[in-house]
1. Confirm whether Pro108 is outside any helix (DSSP H, G or I), in contact (Cβ under 8 Å) with a residue 12 or more places away in the chain and within 18 Å of Lys141 (Cβ to Cβ).
2. Restricting the search to segment 138-159, which residues are of a type outside the set (A, V, I, L, M), assigned to a loop (DSSP other than H, G, I, E, B) and over 14 Å from the mean Cα position of the chain (by Cα)?
3. Please work out if Ala50 is closer than 22 Å to Pro144 by Cβ and at pLDDT below 95.
4. Among the residues of segment 63-76, is there at least one that is within 22 Å of His137 (Cβ to Cβ), among the polar types (S, T, N, Q) and in a strand (DSSP E or B)?
5. Yes or no: segment 1-9 includes at least one residue that is in contact (Cβ under 8 Å) with a residue 40 or more places away in the chain, assigned to a helix (DSSP H, G or I) and either buried (at least 18 other Cβ atoms within 10 Å of the Cβ) or not acidic (Asp, Glu) (or both).
6. Restricting attention to segment 88-98, does a residue exist that is in a strand (DSSP E or B), surrounded by fewer than 22 Cβ atoms within 10 Å (Cβ to Cβ) and without any contact (Cβ under 8 Å) to a residue 60 or more places away in the chain?
7. Out of the residues in segment 122-137 that are part of a helix (DSSP H, G or I) and over 14 Å from the mean Cα position of the chain (by Cα), which is surrounded by the most Cβ atoms within 10 Å (Cβ to Cβ)?
8. Would you mind stating whether Thr34 is at pLDDT below 95 and closer than 23 Å to Ala91 by Cα?
Amino acid sequence: MTHLLKPSAGRVQAALTALGFANQVVELPDATHTAAEAATAVGCTIGQIAKSLVFATQPTGRPLLVIASGSNRVNEARLAALVGEALQKPAADFVREQTGFVIGGVPPIGHNQPLLTLIDEELTHYAEIWAAAGHPHAVFKLTPDELVRMTGGQVVAIK
């Protein structure tokens with residue numbers, strides 16, 4: 001039913017299908033800009049929300065996608081050590097340029113280009129998790145294993 005989804009959410013649904021996954025994007029009546037809003041909207045714990053955070057590495061300016069449990073804060077120094085460069089929180093324009101999506105709706109897949117991706121190890125403690133699906137009102141349910149397979153991301157400690 002991608003034709004009923006907002007275009008950005010439809011792109012995520014198309015990416016899921018192209019990758020061979022049966023997960024379905026759903027649009028919610030309320031925005032899910034924060035992990036707490038998303039958890040309330042779908043009826044799960046904040047920890048089950050897979051929030052997508054984009055950083056710019058310094059000095060190269062490469063995008064880094066960090067998919068964190070909604071209950072965790074990212075230890076930027078730890079992640080910088082893992083990628084070998086300092087991390088900077090980029091402007092919204094950088095995020096949209098690199099991913100094709102606006103902050104608050106950045107999904108783990110379907111980006112304008114492949115992104116180096118790190119996944120919070122704490123997400124693997126849940127049987128199911130929820131991720132943004134390209135729009136602040138769109139999400140999809142998946143398993144931690146599906147997240148790793150669909151992103152090719154590396155599971156790491158992010159705190």
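1. Criteria met by Pro108.
2. The one that is of a type outside the set (A, V, I, L, M), assigned to a loop (DSSP other than H, G, I, E, B) and over 14 Å from the mean Cα position of the chain (by Cα): Lys159.
3. Spelling it out, it is not the case that Ala50 is closer than 22 Å to Pro144 by Cβ and at pLDDT below 95.
4. yes
5. Yes: segment 1-9 contains one or more residues that are in contact (Cβ under 8 Å) with a residue 40 or more places away in the chain, assigned to a helix (DSSP H, G or I) and either buried (at least 18 other Cβ atoms within 10 Å of the Cβ) or not acidic (Asp, Glu) (or both).
6. yes
7. Only one residue tops the list, namely Glu122.
8. Yes, satisfied.
The values are calculated or read from the model by the stated rules, or taken from the named source; none is laboratory data. Note that the coordinates shown come from a computational prediction; the quantities given were computed from them, not determined experimentally. All Cβ positions, even for glycine, are placed from backbone atoms using ideal geometry, and neighbour counts span all protein chains on display.
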